[in-house]
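J.: Next up is a structure, given as structure tokens.
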There are 2 protein chains.
Amino acid sequence: MNQPLRMTKQRAAVAEVLDASDEFRSAQQLHELLRDRGDTVGLATVYRTLQALADGGDVDVLRTDDGEALYRRCARAEHHHHLVCRSCGRAVEIDGPTVEAWAAEVGASQGFSDIEHTIELWGTCAQCRANVTKSS
Amino acid sequence: MNQPLRMTKQRAAVAEVLDASDEFRSAQQLHELLRDRGDTVGLATVYRTLQALADGGDVDVLRTDDGEALYRRCARAEHHHHLVCRSCGRAVEIDGPTVEAWAAEVGASQGFSDIEHTIELWGTCAQCRANVTKSS
DNA sequence: ACAGCTTTGACTTTCATTCTCAACAAGGTC
DNA sequence: GACCTTGTTGAGAATGAAAGTCAAAGCTGT
Ligand SMILES: [Zn+2]
Ligand SMILES: [Zn+2]
Ligand SMILES: [Zn+2]
Ligand SMILES: [Zn+2]
């Protein structure tokens, strides 16, 4: 079986920046944040840690329009989806009981098995909208 | 205003392979298919054409789990979603009136504007399931 | 301290996608 | 058809996210 991960200071640091932000962030952004905080963590380590956290279901991952991965530690561990601000990354966790059922049903009715679904909502949060308005 | 696109033999070729396949395919796969058919189209051109078709809403684009873009020319032009076989790319177009309403509503209720949604279902199609079973 | 792990990080490598730019082809005009 | 103007092509270089390499450094139990 796979050993439990050792808690090293860099893994702790990555976890901390994740906890500290409400927004979805890319691996590179997190790497920058760490640098700014004074913690020097190699980029490769950030990627590895994020990967591990994602595999363990401890962080949620989603992909931007152009394929970049964004990570965020969510409040709840149960299955849920997100409403993400496309300009700042701020996110709200959302449930969709109806949607869940719909997805499973549609999948099965078409003869597909091992159904999974990708459901994310994108928008502009109130704060970002205000900023855009102001600067125009 | 933007001129209409010129119809070149390479754009026609890309459109043809797209029309010929029911499955979601990557730019590289399409490039291979073209090569196999004898049409020599530069990879860059395949990407450019796909980009243009996507911008014009003539092909649907989605991203695999690891961020690669997949393209497919769908039967209908109206907004819809897909149930895609994660092993062969075969896809079924699906509607979700309920889901559409749900997405818009959730977005608005959280103070977000310009709501868009990403909804895709993944599974293993009957055919691929049969193949796996056979070879095990 | 020691041995036997795991983890790190600077660097290299991979791989999809985009860019550059000179040669080329479409469409319109006479 | 000959010709011009302008969009298009493609080989190769460039980009950028993500994963791999491997020697040095860090833990953990004895
Ligand atoms: Zn925002
Ligand atoms: Zn769900
Ligand atoms: Zn299949
Ligand atoms: Zn929809």
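The values are calculated or read from the model by the stated rules, or taken from the named source; none is laboratory data. Predicted model, so just to flag it, every value in this text is computed and none were measured. Heads up, the Cβs are rebuilt from the backbone with ideal geometry, glycines too, and the neighbour counts pull from every protein chain shown.
J.: Going through the stretch B:109-136 one residue at a time, which ones are closer than 30 Å to A:Val132 by Cα, within 9 Å of chain A (Cβ to nearest Cβ) and small (Gly, Ala, Ser)? Break it down into steps so the answer makes sense when it comes.
T.: Start the filter on the stretch B:109-136 by keeping residues that are closer than 30 Å to A:Val132 by Cα, which leaves B:109-119.
From the residues that got through so far, the ones that are within 9 Å of chain A (Cβ to nearest Cβ) too are B:110-119.
Listed by number, the residues that qualify are B:Gly111, B:Ser113.
J.: So, in the stretch A:75-124, exactly how many residues are away from ligand 1 (no atom under 16 Å from the Cβ), among the small types (Gly, Ala, Ser) and in contact (Cβ under 8 Å) with a residue 12 or more places away in the chain?
T.: 4
J.: Let me spell it out: the conditions are (1) surrounded by fewer than 17 Cβ atoms within 10 Å (Cβ to Cβ); (2) in contact (Cβ under 8 Å) with a residue 12 or more places away in the chain, and A:Arg25 meets all of them except one. Which number is the exception?
T.: (1)
J.: If you don't mind, another one. What is the number of the single condition among (1) within 26 Å of B:Gln110 (Cα to Cα); (2) more than 11 Å from every other protein chain (Cβ to nearest Cβ); (3) of a type in the set (Val, Ile, Thr) that A:Val92 does not meet?
T.: Failing condition for A:Val92: (2).
J.: Answer with yes or no whether A:Ala27 is modelled with pLDDT of 95 or more and under 18 Å from B:Gly67 (Cα atoms).
T.: Working: modelled with pLDDT of 95 or more: yes; under 18 Å from B:Gly67 (Cα atoms): yes.
Yes, satisfied.
J.: Follow-up question, since we're still on this one. Can you name the residue in the stretch A:56-89 that is within 12 Å of ligand 2 (Cβ to nearest atom) and out of contact with any strand residue (DSSP E or B) (no Cβ under 9 Å at 6 or more places or on another chain) and, of all such residues, is farthest from the other protein chains (Cβ to nearest Cβ)? Don't jump to the end; show me each part of the working.
T.: Taking the stretch A:56-89 and keeping what is within 12 Å of ligand 2 (Cβ to nearest atom), we get A:60, A:78-82.
So of that shortlist, the ones also out of contact with any strand residue (DSSP E or B) (no Cβ under 9 Å at 6 or more places or on another chain) come out as A:78-79.
Working: A:Glu78: 17, A:His79: 15 Å.
Result: A:Glu78.
J.: Something else about it: Quick one: which helices (runs of 4 or more DSSP H) sit completely within the stretch B:21-136 and have at least 3 residues that are more than 21 Å from A:His81 (Cα to Cα) and within 16 Å of DNA strand D (Cβ to nearest atom)? I'd like the intermediate steps shown before the answer.
T.: Details: elements: B:27-37, B:43-55, B:97-109, B:126-134.
Per the criteria, B:27-37, B:43-55.
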